[in-house]
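What follows is one structure encoded as structure tokens, with my remarks underneath.
Quick note: the coordinates plus some simple rules give every number you see, no bench work behind them. Source: prediction; values computed, not measured. Cβ placement follows ideal geometry from the backbone for every residue including glycine, while neighbour counts extend to all protein chains displayed.
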Amino acid sequence: MRAGQLDRRIQITRTTTAPNLDEPWMPGVPTTIVIASVRAALVQQSTEEFMRSFGESQVTAAVFRIRYRSDVELTDQVIFDGATYDLVETNEIGRRNGLELRAKVVS
């Protein structure tokens, strides 16, 4: 993967549960942590409108390519251009040359 193609900056975040230190008997507090801030290539970005059972909705999908990382999970999220994307699929490119992240944001 050529460095010149990685012209965008994304953050990969994960939601975890942190212990509630003020009230230990209460359940944990959901916390979002940044796993990585990496350079990426925006391969494709599209907005599609769908008719669903609950009405119309607009889905924005994006495909990002980054250098290979083994710690990315489907429960993670990508923050790009002020929008938060949920990961739908991850594909390995070559033999750990890169990682393709397919994500969507629903508004």
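Per-structure values
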| read-out | value |
| --- | --- |
| Sequence of 68, 85 once ranked by neighbouring C-beta atoms within 10 Å, starting from the fewest | 68, 85 |
| Cα gyration tensor category, rounded, prolate or oblate, for the stretch 3-106 with a/c compared to 1.5 | oblate |
| For the stretch 65-90 and the stretch 13-38, distance of Cα centres in Å | 19 Å |
| Pair residue 26, residue 95: separation of 7 Å Cα→Cβ label points (nm) | 5.3 nm |
